[in-house]
Amino acid sequence: MTVPDTRPRSERPLEPLIDEFLSHPALARNIVHVERLPAQEARHAEWPRALAPELKAALLKRGIERPFTHQAAAMDAALAGRNVVVVTPTASGKTLCYNVPVVQGLLTDQNSRALYLFPTKALSHDQYNELHGLTSECGRDIRVYTYDGDTPPATRRALRDAGHIIVTNPDMLHCGILPHHTGWIKLFENLRYVVIDELHQYRGVFGSHLANVMRRFNRLCDFYGAKPTFLCCSATIANPSELAHELTGRDFELIGESGAPRGERTFVFYNPPVVNKELNVRKSVRIEATKLASRFIARGRQTIIFGSSRVQIEVMTTYLKRFMTRLHRDPDRIAGYRSGYLPTERRRIEQGIKSGHLLGVVSTNALELGVDIGGLDVSIMAGYPGTIASAWQQAGRAGRKASASLAVYVGSNSPIDQFLMANPEYFFLGSPEQGIVNPDNLSILASHLKCAAFEIPFEREERFGGTDPTPVLQVLEDERVVRHSAGRWHYSSDVYPAENVSLRTGVNQNFIVLDTGNNNRVLGEVDYNAAPFLLHDHAIYIHNAVTYYVERLEWDRRTAYVRQKRVDYYTDAEASSNIQVLSTDQELVPAKANGVLEARRFGDVSVATVVAKFKKVKFETHESIGYGEVSVPQLEIQTEAMWLTFRQELRAEFKQRGFDLSSALQGLANLLRNTVPIHVMCDPRDIGVAAMLRAPHDQRPTIYVWDRFAGGIGLARRLFAMEERILRACLEAATHCRCESGCPACVGPTLASGPQARPATRALLQDLVGGSN
């Protein structure tokens, strides 16, 4: 049995453990790449000359004698009234970049105000503690308040007038501040700074909503005569200044070179061993990630595993707790962390990590953000987190200033993981993703125009951001939501518009999970889109490694009733999508008349997702041990799609060549599902892909790729413009895979797509690429 090192963590160097990991015979054969990022010395600058003595003293008391170079540059720009976006690594001290100028502004003008926006309540509370500590040490009456769903009504009334700094999130700005701006007059009339942290999180549908919230916010700032300076911070993305401009409508100064110190970081790419050579199936990423974490936890090393889904998090948490039990150690020193846990539970876990009580934590990207949990020793990613920016954020959770750290990326069977395992230079040398938003998405825009008209009427020829709102306002007038009178557009409906707009999911109602064995105690929450997969009748709902059986789901009441039940399996629901073409906006017909492709098209579609069955999956072995039926309403969205329509005769032609066209289409769909995100630079969960041998609208063989957000956010549009490059990448993946007939790393498992899937897909791609000119 491994004997843990009982010395304090600060006295235990990590380097010997890293060397042992890299040289271990059973593990080293699976290590495909090791990247050593050298340590970096700190680079300091001087404090701004105008810095108040009491603020400087408070900073010195905290051990901060001089700022890093990027901090000083951000402070100088902010104090001069210039909008700033700071892009530096995790744990580089970005918080000081905005806290110092904000507190300095309040010390020089007691009437001024500041608004802080964080994407999560957990991050808001964490930053509140940091900010409150700094202002208290200044010895002046600077009042800092958090404003979120947990804020008591009495406190809400007090902070509107008395709060110098309001720490909140976009959701509360949207539904709690902007619609009630007359109660926030002191904030708007005296607003000097607006802080937006974790800027890179605001992409896709969430970012598109926030851009419209900020358009509404800017209207009210103009109404009250406020001209605030914006201070933004972001992880590394390709377009931070552009994204900041898209979100706020302002121009920004970019500060992107960090002066913070950094210990040596070892980044390992670990590809699990092949367990079925014929099918090229590798060992489960869940099992391998927990096995590696167990090695480090057994040595007393604080370790975090990042996973991509709730089920994955709970399964890996279960495995680690079982491991601790086998070691005769406390399984409560392991915890899961994800959305859906109650706020008190999440904060207890955060404190457990920071204090060192928790040795292991398994988290979704919820802990990827800048919540202060201290510096862990090891960060393990169970599969690609969706973007390069997220991967660096997760890796950055390991390491404390000048100490060494280890990050391990464990590859799954998916093509995107296997591509990166074979091409690590793409990860380390490639450009990070762009933050893409589409604030003019018609569905999102219309929702916020209702809210904006509710707040203050629209004037004739008034712009909303860079958009002319008149056409949409005219439609809303026809629907009797607004009315045009004396040259202005007034809100006229009796419905409070903000409460019907969810910034994150498009649906503003979560499902509540009640434990019937504990007096219907609220166990957690599940968002609307995940509910059919996790809370259907007879599902196993896992909460911090405890299994619960779903007795019934009351869909209309948004409530699931569960009871604790010990089982040795979990459930995995399966969905299918039905697609209906609503309109074709663009069409490209290949010049080669006898090619396989009839046309490449882009337009609007309706996508209905149906969850019809679930399978029971045994813990540890991951074998399927049974199936069940699911009966829940279908989820439907209207969105943008790109689709490839093939010639009707292709099925017969492929049959003559000895290929099954259905297998080829399914194989290409699987490749697209995992290749598109790399080239379009998006999260794999942002797109949907489906292949149909006979599409409903024209009876042709078709492959669809769509945005998974109502109205679309521009991903399918970008794909339409770069289709040939992506098809060539798919061909390369299908050609160079080591399997014989198909596997999860290329065209999909043989059992799902047939024994001829790989050669059939390769033939289809060769015809496509060869005929695209």
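Enter the accessible area per residue of segment 575-668 (Å², integer; probe 1.4 Å; all protein chains in place). Each step should come with its number before you reach the end.
Values: 4800 Å² over 94 residues.
Per-residue value: 51 Å².
Ignoring ligands, DNA and RNA, what percent of the 1.4 Å accessible area of the chain is carbon and sulfur?
47 percent
To the nearest 0.05, how large is the calculated FRET efficiency for Arg143 and Leu582 if R₀ is 41 Å and r is the Cβ-Cβ distance?
Values: r = 52 Å, r/R0 = 1.27.
The computed FRET efficiency comes out at 0.20.
Ratio of segment 326-382's C-alpha Rg to 2.2 N^0.38 Å, to two decimals?
1.11
Less than 11 Å Cβ to Cβ from Ala422, Lys/Arg counted +1 and Asp/Glu -1: what total charge do the surrounding residues give? Could the numbers behind the result be given before it?
Values: positive: Arg738; negative: Asp417, Glu425, Glu732.
For residues surrounding Ala422, the net value is -2.
Starting from the Kirkwood radius over alpha-carbon pairs of segment 658-708, derive D by Stokes-Einstein at 20 °C in a medium of 1.002 mPa s and give it in µm² s⁻¹.
My calculation gives 185 µm²/s for D.
Per residue, how much accessible area does segment 303-404 have with a 1.4 Å probe, in Å²?
On the way: 3140 Å² over 102 residues.
With all protein chains present, segment 303-404 gives 31 Å² per residue.
Please report, for the Cα atoms of segment 590-636, the Rg to one decimal and the Dmax as a whole number; what are they, in angstrom?
Cα only, segment 590-636: 20.0, 53 Å (Rg, Dmax).
Given a 1.4 angstrom probe, what's the average accessible area per residue across segment 130-267, in square angstrom?
Accessible area per residue: 34 Å².
Where does each of 631-643, 53-65 land if you order them by average Cβ count within 10 Å, highest first?
Going by the mean number of other Cβ atoms within 10 Å, highest first, we get 631-643, 53-65.
Based on Cα positions only, what radius of gyration and what Dmax would you give for the chain, in angstroms?
Gyration radius and largest Cα-Cα distance of the chain: 27.0, 84 Å.
Using amide H atoms built 1.01 Å from N in the peptide plane, name the residues 5+ places from Arg282, or on other chains, whose amide H lies under 5 Å from its own.
Result for Arg282 returns Val275.
Count the net charge of all other residues whose Cβ sits under 11 Å from the Cβ of Val482, scoring Lys and Arg as +1 and Asp and Glu as -1.
Net local charge, Val482 excluded: +1.
Lys and Arg at +1, Asp and Glu at -1: add these up for the other residues within a Cβ distance under 9 Å of Phe267 and post the number.
Taking every Cβ under 9 Å from that of Phe267, the sum is +1.
Among Glu189, Glu130, what's the order by accessible area (1.4 angstrom probe), most exposed first?
If we order Glu189, Glu130 from most to least accessible, we get Glu189, Glu130.
Would you calculate the separation in nanometres between label points at Thr735 and Ile64, each defined as 7 Å from the Cα along the Cα-to-beta-carbon direction?
Output for this residue pair reads 5.4 nm.
For segment 524-604, report the translational diffusion coefficient in µm²/s to the nearest whole number, using Stokes-Einstein at 4 °C, 1.567 mPa s, and a Kirkwood Rh over Cα pairs.
My calculation gives 79 µm²/s for D.
Taking only the Cα atoms of segment 44-134, how large is their convex hull per residue, in Å³? Could the numbers behind the result be given before it?
On the way: hull volume 10.0 nm³, N = 91.
Measuring per residue, one finds 110 Å³ for the Cα hull of segment 44-134.
Limiting things to C-alpha atoms, what are the Rg and the maximum Cα-Cα separation (Dmax) for segment 104-219, in angstroms?
Using the Cα atoms of segment 104-219, the pair Rg, Dmax is 13.8, 42 Å.
Can you list residues whose amide H is under 5 Å from Cys232's amide H, if they're 5+ apart or on another chain and H is modeled 1.01 Å from N?
Excluding prolines and chain starts, which carry no amide H, the hits are Val84, Val85, Val86, Ile196.
Just checking the chain: which Cys have no other cysteine's beta-carbon under 4.7 Å?
Here Cys97, Cys138, Cys175, Cys221, Cys232, Cys233, Cys451, Cys682, Cys730 come out as lacking a disulfide-compatible partner, given the Cβ-Cβ threshold of under 4.7 Å.
Run the Debye formula on the Cα coordinates of segment 643-773, all scatterers equal and no solvent, and tell me log10 I(q)/I(0) at q = 0.10, 0.14, 0.20, 0.22 1/Å.
Debye intensities relative to I(0), on a log10 scale: -0.29, -0.58, -1.20, -1.41.
Take the eigenvalues of the Cα gyration tensor for segment 396-436, scale each by 5, and report the square roots as semi-axes in whole Å, largest first.
Semi-axes from the Cα gyration tensor: 23, 16, 10 Å.
Quick one: pull the percentage of alpha-carbon pairs in segment 585-668 with a separation above 20 Å.
Numbers: 2179 of 3486 pairs.
More than 20 Å apart: 63 percent of the Cα pairs in segment 585-668.
If you scale each eigenvalue of the Cα gyration tensor by 5 and take the root, what three semi-axes come out for segment 277-362, rounded to whole angstrom and sorted largest first?
24, 17, 10
What ranking do 350-357, 584-591, 100-107 get when scored by the average of other Cβ atoms within 10 Å per residue, highest first?
Numbers: 350-357: 16.2, 584-591: 13.0, 100-107: 24.0.
Highest to lowest by the protection proxy: 100-107, 350-357, 584-591.
Taking Lys321 as the anchor, which lysines have their alpha carbon closer than 16 Å to its alpha carbon, excluding any fewer than eight residues away along the same chain?
Qualifying lysines at Cα under 16 Å: Lys291.
According to the Cα gyration tensor, what semi-axes, each the square root of 5 times an eigenvalue, does the equivalent ellipsoid of segment 359-416 have, listed from largest to smallest in whole Å?
Gyration-tensor ellipsoid for segment 359-416: 20, 12, 11 Å.
At a Förster distance of 56 Å, what's the computed FRET efficiency of Ile185 paired with Ala612, Cβ-Cβ distance as r, to 0.05?
Efficiency computed from Cβ-Cβ geometry: 0.55.
Roughly what percent of Cα-Cα pairs across segment 284-432 reach past 21 Å?
40 percent
Please compute the modelled spin-label separation between Arg657 and Phe619, points set 7 Å along Cα→Cβ, answer in nm with one decimal.
4.9 nm
State the percent of C-alpha pairs, over all pairs in segment 559-601, separated by a distance greater than 13 angstrom.
On the way: 702 of 903 pairs.
More than 13 Å apart: 78 percent of the Cα pairs in segment 559-601.
Tell me the label-point distance for the pair Tyr528, Gln766, using the 7 Å Cα-to-Cβ offset, in nm and rounded to one decimal.
Modelled inter-label distance: 4.8 nm.
What Kirkwood Rh does segment 499-552 have if only Cα atoms enter the pairwise 1/r average? Answer in Å.
Details: mean 1/r = 0.0826 Å⁻¹.
Mean inverse Cα-Cα distance, inverted, gives 12.1 Å.
Each residue of segment 448-457 in order: what ³J(HN,Hα) in whole Hz does its phi give by Karplus 6.51 cos²θ - 1.76 cosθ + 1.60, θ = phi - 60°, with x for Gly and Pro?
After applying 6.51 cos²θ - 1.76 cosθ + 1.60, I find 7, 5, 4, 5, 5, 5, 5, 6, 8, x Hz.
Over its Cα atoms, what ratio of radius of gyration to 2.2 N^0.38 Å does segment 392-461 give?
Rg over 2.2 N^0.38 Å, computed on Cα atoms: 1.99.
Averaging over all projection directions, find the projected area of the Cα convex hull of segment 551-692 and quote it in nm² with one decimal place.
If I average the Cα hull's projected area over directions, I get 12.9 nm².
The values are calculated or read from the model by the stated rules, or taken from the named source; none is laboratory data. These numbers come from a predicted model, not from an experiment. When we count neighbours, we look across all protein chains shown, and the Cβ atoms used for this are built from the backbone with ideal geometry, even at glycine. Quick note on the areas: whole protein, heavy atoms, side chains included, nothing else; ligands and nucleic acids left out. Shrake-Rupley method; radii C 1.70, N 1.55, O 1.52, S 1.80 Å.
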